[in-house]
1. Let me check something: with ligands and nucleic acids excluded, how do R534, R184 order by accessible area (1.4 Å probe), largest to smallest?
2. If you restrict to DSSP beta bridges whose two residues both lie in the stretch 535-666, what percentage is antiparallel, to the nearest 5?
3. Taking 22 Å as R0, compute the FRET efficiency from the Cβ-Cβ separation of S507 and S557 and round it to 0.05.
4. Once fully extended, how much extra length lies between F571 and A43, figured as 0.36 nm per residue of separation less the alpha-carbon to alpha-carbon distance?
5. In whole percent, and with a 1.4 Å probe on the protein chains, what portion of the accessible area of the stretch 1-56 is carbon and sulfur?
6. What is the stretch 535-666 by shape, rounded, prolate or oblate, if you read a ≥ b ≥ c off the alpha carbon gyration tensor as root eigenvalues and call it rounded for a/c under 1.5, prolate for a/b larger than b/c, and oblate otherwise?
7. Apply the Karplus parameterisation 6.51 cos²θ - 1.76 cosθ + 1.60, with θ equal to phi minus 60°, to every residue of the stretch 413-428 and state each ³J(HN,Hα) to the nearest whole Hz, in sequence, with x for glycine and proline.
8. Mind running the shape call on the stretch 464-533? Use the C-alpha gyration tensor, a ≥ b ≥ c as the square roots of the eigenvalues: rounded below 1.5 for a/c, prolate if a/b tops b/c, oblate otherwise.
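The values are calculated or read from the model by the stated rules, or taken from the named source; none is laboratory data. Quick caveat, the model's predicted, so the values are computed rather than measured. Here the Cβ positions follow ideal geometry from the backbone for every residue, glycine too, while neighbour counts run over all protein chains shown. Heads up: the accessible areas ignore ligands, DNA and RNA and are worked out on the full protein's heavy atoms, side chains in. Shrake-Rupley method; radii C 1.70, N 1.55, O 1.52, S 1.80 Å.
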Amino acid sequence: PTGYMENSISYSAIEDVQLLSWENAPKYCLQLTIPGGTVLLQAANSYLRDQWFHSLQWKKKIYKYKKVLSNPSRWEVVLKEIRTLVDMALTSPLQDDSIHQAPLEIVSKLLSENNNLTTQDHESIIVAIAPLLENNHPPPDLCEFFCKHCRERPRSMVVIEVFTPVVQRILKHNMDFGKCPRLRLFTQEYILALNELNAGMEVVKKFIHSMHGPTGQCPHPRVLPNLVAVCLAAIYSCYEEFINSRDNSPSLKEIRNGCQQQCDRKPNLPLRLLHTSPDLVSQEATLTESRLKPVIVTSSEIHVEVERNNTTNQKMTANVGNDSEPNLIDCLMVSPTCSTMSIELSAQADRILGCYVEILKMLSDYDDWRPALASLLQPIPFPKEALAHEKFTKELKYVIQRFAEDPRQEVHSCLLSVRAGKDGWFQLYSPGGVACDDDGELFASMVHILMGSCYKTKKFLLSLAENKLGPCMLLALRGNQTMVEILCLMLEYNIIDNNDTQLQIISTLESTDVGKRMYEQLCDRQRELKELQRKGGPTRLTLPSKSTDADLARLLSSGSFGNLENLSLAFTNVTSACAEYLIKLPSLKQLNLWSTQFGDAGLRLLSEHLTMLQVLNLCETPVTDAGLLALSSMKSLCSLNMNSTKLSADTYEDLKAKLPNLKEVDVRYTEAW
């Protein structure tokens, strides 16, 4: 060749690349040997020249290996070439992802085109490319090959020695399994392979512990979301064949039309419907036998039997014409006398289900993972077939119990629905829900923890009165103290309007010692409340600094405060617990809580009862957006001091839009300032 390089040169045509190092040689030049002559490439500096040199060498060798490995003759030679290729990638000074990915893709293509390899060949190739996998995700075809090896030889030492660091890297660094579904499938098969070892779930437990780490806080934020994604996909696969055959199965509407919803049950029969005696079941079954039409759906792995009741009430009939998808939990919340559902999985699907539900249990045992796990599971991300499967809901009950026992609000609040109009785990595991397999112990535990935090509100009590009054009364009848407290609060907050229902609640309370005692205390409080709210007393009141909740309660119980309009608790030690006394002041218009420990729970309670409050001072209190947003219901507020609180700009804008009478606002030293 002569002159300047005007035509391109293919990498495969390059026979040799050398650095010019003799005396008087052109500076910073490379010599490329091609058929028919040589070409000189001159760089601007030695660094760029070396970069070109190593890049051209890499390209030249990679083309050579592609050619050699595309037509394998003897596997001994192929294996030797793969080892040489891996060594070249590891020793190359070039820093680029493609340096390690290109050899993996070549091996991946080689394996996909040769399906007649022996198991020994498989393991030899996996061991040869193992060094490249320490810092790189395997490509999709290679993941498929790894999955096959996990399924066919789960007890192979390659699974433990080679795949373990690969899966650990995937779980620590993968950002989205949606873009790399085969990585998720490989992780899933790897965990199943661990479960096939002699120690079984003990090995899986040790692996989960290794991913979390020995400290109380996992240092890798992506591990938990990735593990949950793998578990959800694996559980979904157990029911996949039935899900794919839904065209031949009862739809959600059909199931719903064949069931009697709890909200449609007669209010005077909640206990009988929820806890039916065997004799009553047989009697009702005999009476309705002619109206029941069984529908049986089968597949090779799953058998589902649904008995549908053709008699529906007017509300149910009205919903038939609605094209929207019915509420999932409503479809499954069926009376024992109206419907039965049973699901049987194959032995393999049953093992997969058991393994991954057990992993969810393990994840719920870690304190630092529990808040995020509760948030991820709050939308109930499982198919309806899983929720109708007794074994699944029974095993998952342990996880829900762990959420219910956690004192942190961010955890146990996830038992409730993720949004209005959608049911959550609280409804699913409450009496009448498809997952309830006890007499309400878990339900009582959930109510207890929710009532103990910030859910002692009218809204929560109203939802219980509308949907779960029967179970609450039954558990109170059996002496459950939490349910007795619930019934007393319903009476105290005037949640129940129907006189007959009120009398039934009172009879329930008086049937047990604990209920009788708490009802007597309620009556005493009601008498004190009437005395407190009786007209008279001061219009303004200021508590001394360092006063406590007990001091405030003692003061308010000492006389009548029906005229009290202005109350100052500034610089005292009162907390949110004093809110239950403040809401009993009928004339209160101005409340000063400056520099107290009054928090979000108290604000929620005030917002429901003190709707006529006009002036509120929250300066230097620990309130956050969660509590401040509740103030949007206090339409009479005209002055609000949120100085030095954790108010955000978005919450401030929301409050301004929803409080039309707000004229004076102090947001200094907040994000909204």
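1. Accessible-area ranking of R534, R184, largest first: R534, R184.
2. Numbers: 0 of 17 bridges.
The answer is about 0 percent antiparallel.
3. Once rounded, the FRET efficiency stands at 0.15.
4. 182.6 nm
5. About 49 percent, which is the carbon plus sulfur part of the accessible surface.
6. Verdict is prolate for the stretch 535-666.
7. 5, 6, 5, 7, 5, 6, 7, 5, x, 10, 6, x, 5, 4, 6, 5
8. Working: a/c = 2.05, a/b = 1.34, b/c = 1.52.
Note, shape of the stretch 464-533 comes out oblate.
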